[in-house]
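The values are calculated or read from the model by the stated rules, or taken from the named source; none is laboratory data. This one's a predicted model, so the numbers in the text were calculated from it and none came from an experiment. Glycine gets a Cβ as well: all are built from the backbone with ideal geometry, and neighbour counts include every protein chain shown.
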């Protein structure tokens, strides 16, 4: 019991010291409408923490502007110390009623998450932070920090693409899939990266290929380039890549019609999930002709010595619209 009491006192003292340091640093931060940058970042992640209704944390971040950049980059580098992990494990064993909410949340972690959102809010205004974020992106010892830097760069927009593409095109990097994932929210800003994303569709790393085909569907850019790449992915050896490629084709709707021949072949995929996805894709991409049957040859392995025949392959009755 004495050892446990000493541990709790030590942890409590550490928390108090950390709070005093946080108060000192927060007093030097830029502020807006009576709140410090840290407070606005916490509200970005936890809007219920705002004590007044109608508080616009996004507008506050824009008002603070580039003055926030040095602090945002610093907040991103947060890594929970071992003592704090132990402290929260002790709290988890206590009833919720005796643990105040402010103590049960790692506010430094909240600020790190809020900083990612803040970079997205500032967009191109945050481009001066790109060099420092690029250094964080190449941190090889802390994957969580690297992922935060990737999403921050993507939030900045086109100016942040350079460091991301440097990782994506480096086949020795283990963070290529994470950097691709960070581009989901970029929209048209990611257009210059599209040729590199399409190259990743054929990557031997399944995680990279799967993320690339999903990203193409999420961005929905340049169908004349994207749709053929997705159709080509339907021959990928990994079923999860084929399935993800079909889901991405659905997002292009009628613009994905050039992929219909590949989708018809996918109706005979050995994996049920891929066959169902192909069925649904044909319905969404070609709503006028999705119930039409198509003649496809039966593979020789299925004839079992019988005379080769032609099987009628169409959309499963499971997915056909109900008739009146």
Open item on the list: within 23 Å of residue 118 (Cβ to Cβ), outside the structural domain of residue 117 (by TED's automatic domain parsing) and surrounded by 17 or more Cβ atoms within 10 Å (Cβ to Cβ): is that true of residue 150 in this structure?
Closed with: no
Task: Elements of type helices (runs of 4 or more DSSP H) contained in segment 189-246, each with 1 or more residues being closer than 19 Å to residue 164 by Cα - done: 194-200, 206-219
Open item on the list: Against the conditions (1) closer than 30 Å to residue 205 by Cβ; (2) modelled with pLDDT under 95; (3) surrounded by 15 or more Cβ atoms within 10 Å (Cβ to Cβ), where does residue 241 fall short? Just the number, please.
Closed with: (2)
Task: The lone exception for residue 254 - which of (1) part of a helix (DSSP H, G or I); (2) modelled with pLDDT of 95 or more; (3) farther than 22 Å from residue 177 by Cβ it fails - done: (2)
Open item on the list: Consider segment 153-173. How many of its residues are surrounded by 15 or more Cβ atoms within 10 Å (Cβ to Cβ), over 23 Å from residue 63 (Cα atoms) and modelled with pLDDT of 95 or more?
Closed with: 6
Task: Residues of segment 165-182 that turn out to be within 18 Å of the chain's Cα centre (by Cα) and either assigned to a helix (DSSP H, G or I) or touching a residue at least 60 places away in the same chain (Cβ under 8 Å) (or both), as a count - done: 10
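Residues checked against (1) surrounded by 13 or more Cβ atoms within 10 Å (Cβ to Cβ); (2) modelled with pLDDT of 95 or more; (3) in contact with a helix residue (DSSP H, G or I) (Cβ under 9 Å, 6 or more places away or on another chain); (4) not assigned by TED's automatic domain parsing to the domain that holds residue 134:
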| site | (1), (2), (3), (4) |
| --- | --- |
| 47 | no, no, yes, no |
| 75 | yes, yes, yes, no |
| 85 | no, no, no, yes |
| 88 | yes, no, yes, yes |
